[in-house]
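The values are calculated or read from the model by the stated rules, or taken from the named source; none is laboratory data. Model, not experiment: these values are computed from the prediction. Note: ideal-geometry Cβ built from the backbone for every residue, glycine included; neighbour counts use all protein chains shown.
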Amino acid sequence: MHHHGTEAIKAGEKIIIVGNPNVGKSVIFGLLTGRYADVSNYPGTTVTLTTGSYHMGGVDTLVIDTPGVNTLIPMSEDEVVTRDILINEPVKQIVQVVDAKNLSRGLVISIQLVEMGLPFVLVLNMWDEANSRGINIDVEKLAAAIGTTVIPTVGVERKGLKELREALYKRSFPSIAINYGGAIENGIKRLESLLPEVNISKRAISLMLLAGDESLKPWLKGHVGINDIPKIESIRRDIQDKYYEPLGYIINQIRLKRCEKIIGDVLSKNQTDRSPITVHLGNWAMHPVWGIPVLLAVLFLTYEFVGVFGAQTLVDLLEHKLFGSYINPSMTRVVTLLIPDTFFRDLLIGEYGIITMALTYSIAIILPIVGTFFIAFGLLEDSGYLPRLAMMVNKIFKLMGLHGKAALPMVLGLGCDTMATLTARIMETRKERVIVTLLLALGVPCSAQLGVILGMLGGISFHVTLLWIFIVVLVLFLVGFMASKVIKGESSDFVFDIPPFRVPILTNILFKTLSRIKWYLKEAVPLFILGTLILFTLDKTGVLEVIEAVASPIVVGFLGLPQKATDAFLIGFLRRDYGAAGLYALAEAGELNPNQILVSLVTITLFVPCVANSMVMIKERGLKTAAAITAFIFPFAFLVGGVLNFVLNGFGIKL
Amino acid sequence: MDYWKSKEQRLEEDRIDELLELTWMLIEDGEATVDNIAGKSEDPLASSLLKDIESFGLISIDHHSGKVAFKESGERRAEQIIRRHRIAERLLSEVFEVEERQMEDHACELEHTHVLGQVVVDSICTFLGHPPTCPHGKVIPRGECCKKFSQDVKPLVGALTDLRIGEEAKIVFISSKYHARLDRLSSLGIIPGSVIRLHQKQPTYVIRIGETELALDKDLAKEIFVKKI
């Protein structure tokens, strides 16, 4: 759903926005460029670069929004993205965004920027939250201590924006000199002599190398002589041998101690004992006991809003009233009048017509459902509930070789699996990323598909909805469990920031929903039309009949579905939601009984990922892994559907 | 303990201890040569004392390169001295919060057998939660008590998992053998000296550090050692 393409980065000096995760970098980005970058209340919303431009002194300057980092020595792929930008791109100005209430974590990055020798301004965002917690920061003193401009802001209220704009013109190269002690300083000196001149200081690169930054290896290969690489490693080992604890840890400690010292001089705290209701809500959401009813309430409300209000009330309004009573009949009349040829007439208004099928499905059935879903999802994102959910499910994810953090890409998959596959970058090891990618491709329905499914299930009962959730979750869990045994590699530790619980800001929800709907119309609708055209062609050439006949033993015999359901699976290859929409239409026409609905929905949920998702899988995980995942999923989806059909009929269960 | 020894004997023992201790530290840094030891020792007669120690069978000197290495008995003795010294440093810095410069002087006095016996050292070690390193980050050789991880003495320093919900504590050390883990924790501000508050233990541990709430696994929480405040 983060639908801004990562355009090729243009040459020239840039403004780069960096900072810890979840401090509001994307909000500041939006204020400067007027472009909406996805903004939420959890770390890891931005995993790729977003670019925009800012008119500055008569020239358009490129602004880059980067994924959040806690240190510029990366530990996961999204953090590598940020570090690489700093090493490789010429910098006009860096805007470092800091959460004013967590100054020390921000200053650790400031220190690293200083060491890199880069110009930056420090933005103390969420100034209001810091104040309400009784935190006072002496801005002038802090500016003097670091040697740069410091601007307090409240991004979401546009406070401090004017000052920030002015500060962008003033490049100051701050100086905080840190002495890391004899041995490390000696190592720095020895490494510096081996390094080439680049954008950032040799001292900073030396420190990264000493800290054992593996992700620098590819960079080193391009910038250092072949013979120097083993030399660098031996210097590192030499210095490391003088310490018991890892150098990276020691360096971090020295930096943090320095930050604490600066903070001691500029920060004061008043006691505030009132804690707003949001604090309690946030605590309940992650309470070992109350967390469960909260989760159920969230599920139920989402179901009511999306599955009942969106998928029934709104769809009824659009499909039956708008399309059924007005658009389709009048279009049919117009088309019949204008186009005498039946072939072209069918192309628009036939069984597989662009208006009667593609547009009706995409606008009348799916749009109201994804629209309501995007609103509900935006509320969840901005409240800070998702990280708490991640914490609640940590133990379950552990059994799948993952940990709670993996819940984020999985839940985001409910928005769009393609983007969620990108978000898998926040996982630290390859094994974790592969498992997350597999599970997303296998069984996490995206918003459109989920909406259609909820709409169909809502037509039966809430119990069947729960049963569908149970089956899909169970399958996901079992596959995850097996995958963690089969796929080699390590799992990482679960340490995870929990942002404060907040009342979502309606304008942000509105922006987010609108830009997501725009994305849906731009990306999904053309594919729907393409799918319809394929079906139309197959139908006219008689191939469809052949395919239906060939697939009949599986679809009719094994899954126990009517032959027409084959069409839904066929278009499901393009997009699973489109396939689901096909099933929806079948069910509406009364051609599926509740058992068949459940079986077909479970099968289409587990069905192959859409074209876009497959592309991202190949890009992120490589062709081999992506192919293996798809080869597993395709037969597996039918297998689960078939087993379910067999169990339901075997026990004579009538839903 | 060596009460029966004469004062002169004890003085002699102390000089040997000092020299063995220095040798140990130089070996740690890979710089243990006769010249280095004699140069860094405060003992004016260090060179001749080294020869004596060699004749007692505590160390071996490679007369070609001047490299000094421990023999088994010497290593065992030096290990105990180092352990006493570093445990003493921990005790002084954690419990009495003595300034760095003074800490060194006191620790030097406490490191001798006639001051701190084995049983006392092990009790202090247990009391401090079996710290793996001294305040300067150097390894403390493990004692018998650490192998058993005994808790007969109520420890002053304990794992984060032993805190009760709502308690505040200061991180004393993190005992993890995984480098990546230490790096990650430190990037989030979890380092010795940070003050944390335990918020909840289930379904995962949640701690508050400054204005940040962090969720972490029990595996990690077990490795963070804290002192209640």
Just to be sure I understand the filter: pairs with C-beta atoms under 7 Å, separated by 6 or more residues or on different chains, first member in the stretch B:198-217 and closer than 18 Å to A:ALA130 by Cβ and at the interface with chain A (Cβ under 7 Å from one of its Cβ atoms), second member surrounded by 19 or more Cβ atoms within 10 Å (Cβ to Cβ) and among the acidic types (Asp, Glu). Which pairs pass?
B:THR212/A:ASP497
Sole exception among (1) farther than 20 Å from B:ILE37 by Cα; (2) within 14 Å of chain A (Cβ to nearest Cβ); (3) surrounded by 14 or more Cβ atoms within 10 Å (Cβ to Cβ) for B:ILE82, by number
(1)
Looking only at residues in the stretch B:199-209 that are surrounded by fewer than 21 Cβ atoms within 10 Å (Cβ to Cβ) and within 29 Å of the chain's Cα centre (by Cα), which one is nearest to A:ASP99 (Cα to Cα)?
B:ILE209
Quick one: in the stretch A:236-276, which of the residues that are over 36 Å from the mean Cα position of the chain (by Cα) and of a type in the set (A, V, I, L, M, F, W, C) is nearest to the other protein chains (Cβ to nearest Cβ)?
A:ILE239
Looking at (1) within 30 Å of A:GLY19 (Cβ to Cβ); (2) buried (at least 18 other Cβ atoms within 10 Å of the Cβ); (3) within 14 Å of chain A (Cβ to nearest Cβ), which is the one condition that is false for B:VAL226?
(3)
List, please: which pairs have Cβ atoms under 9 Å, are six or more places apart or on different chains, and start with a residue in the stretch A:26-44 that is closer than 17 Å to A:LEU161 by Cα and end with one that is aromatic (Phe, Trp, Tyr) and assigned to a loop (DSSP other than H, G, I, E, B)?
A:SER26/A:TYR36; A:GLY30/A:TYR36
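Report yes if some residue within the stretch A:408-421 is within 14 Å of chain B (Cβ to nearest Cβ) and out of contact with any Cys (no Cβ under 9 Å at 6 or more places or on another chain); otherwise report no.
Looking for residues that are within 14 Å of chain B (Cβ to nearest Cβ) and out of contact with any Cys (no Cβ under 9 Å at 6 or more places or on another chain), one finds at least one in the stretch A:408-421, hence yes.
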Looking only at the stretch A:487-504, which residues are exposed (fewer than 15 other Cβ atoms within 10 Å of the Cβ) and either more than 19 Å from A:ALA285 (Cβ to Cβ) or within 14 Å of chain B (Cβ to nearest Cβ) (or both)?
A:LYS488, A:GLY489, A:GLU490
Any chance the stretch A:48-66 includes a residue that's touching a helix residue (DSSP H, G or I) at 6+ places or on another chain (Cβ under 8 Å), touching a residue at least 24 places away in the same chain (Cβ under 8 Å), surrounded by 24 or more Cβ atoms within 10 Å (Cβ to Cβ) and assigned to a loop (DSSP other than H, G, I, E, B)?
yes
Name the pairs whose Cβ atoms lie under 9 Å apart, with the first residue in the stretch A:377-390 and within 12 Å of chain B (Cβ to nearest Cβ) and in a helix (DSSP H, G or I), the second crowded, with 22+ Cβ neighbours inside 10 Å and hydroxyl-bearing (Ser, Thr, Tyr), and 6 or more positions between them or separate chains?
A:PRO387/A:TYR42; A:ALA390/A:TYR42
Among the residues of the stretch A:114-164, which ones are charged (D, E, K, R), touching a residue at least 40 places away in the same chain (Cβ under 8 Å) and more than 27 Å from A:GLN271 (Cβ to Cβ)?
A:GLU115, A:ARG158
Restricting the stretch A:21-59 to residues that are at pLDDT 85 or above and hydroxyl-bearing (Ser, Thr, Tyr), the residue that is nearest to A:LYS619 (Cα to Cα)
A:THR50
List pairs: first residue in the stretch B:97-113 and part of a helix (DSSP H, G or I), second residue small (Gly, Ala, Ser) anywhere in the structure, Cβ distance under 8 angstrom, at least six positions apart or on different chains.
B:GLU100/B:SER93; B:MET103/B:SER93; B:HIS106/B:ALA88; B:ALA107/B:ALA88; B:LEU110/B:ALA88
Among A:GLY181, A:GLY225, the single one that is surrounded by fewer than 17 Cβ atoms within 10 Å (Cβ to Cβ) and within 14 Å of another protein chain (Cβ to nearest Cβ) is A:GLY181
The stretch A:117-142: number of residues that are under 23 Å from A:ASN22 (Cα atoms) and either β-branched (Val, Ile, Thr) or part of a helix (DSSP H, G or I) (or both):
12
Considering (1) over 31 Å from the mean Cα position of the chain (by Cα); (2) free of Cβ contacts under 8 Å to residues at least 40 places away in the same chain, say which one A:ARG203 fails and leave the rest.
(2)
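Go through the residues of the stretch A:493-511 one by one and say whether even a single one is in contact (Cβ under 8 Å) with a residue 60 or more places away in the chain, assigned to a helix (DSSP H, G or I) and not aliphatic (A, V, I, L, M). Steps first, please.
First, the residues of the stretch A:493-511 that are in contact (Cβ under 8 Å) with a residue 60 or more places away in the chain: A:493-494, A:496-505, A:508-509, A:511.
Right, trim to assigned to a helix (DSSP H, G or I) and you get A:508-509, A:511.
Applying the additional criterion that residues be not aliphatic (A, V, I, L, M) yields A:508, A:511.
Yes, there is a match, as at least one residue in the stretch A:493-511 is in contact (Cβ under 8 Å) with a residue 60 or more places away in the chain, assigned to a helix (DSSP H, G or I) and not aliphatic (A, V, I, L, M).
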Return the pairs, sorted by first residue and then second, in which the second residue is part of a helix (DSSP H, G or I) and surrounded by fewer than 20 Cβ atoms within 10 Å (Cβ to Cβ), the first residue lies in the stretch A:72-91 and is away from chain B (no Cβ under 14 Å) and at negative phi, the beta carbons are less than 7 Å apart, and the residues are 6+ apart or on different chains.
A:VAL80/A:SER215; A:ILE87/A:TRP219
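Which of the residues that make up the stretch B:185-197 are more than 7 Å from chain A (Cβ to nearest Cβ) and not in a loop (DSSP other than H, G, I, E, B)?
Listed by number, the residues that qualify are B:VAL195, B:ILE196, B:ARG197.
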Can you say whether A:VAL555 is assigned by TED's automatic domain parsing to the domain that holds A:MET419, within 29 Å of A:GLY350 (Cα to Cα), surrounded by 14 or more Cβ atoms within 10 Å (Cβ to Cβ) and touching a Ser or Thr at 6+ places or on another chain (Cβ under 6 Å), as far as the supplied structure shows?
yes
Check the stretch A:355-364 and report whether any residue there is closer than 16 Å to A:ASP38 by Cβ and either within 11 Å of another protein chain (Cβ to nearest Cβ) or buried (at least 24 other Cβ atoms within 10 Å of the Cβ) (or both).
no
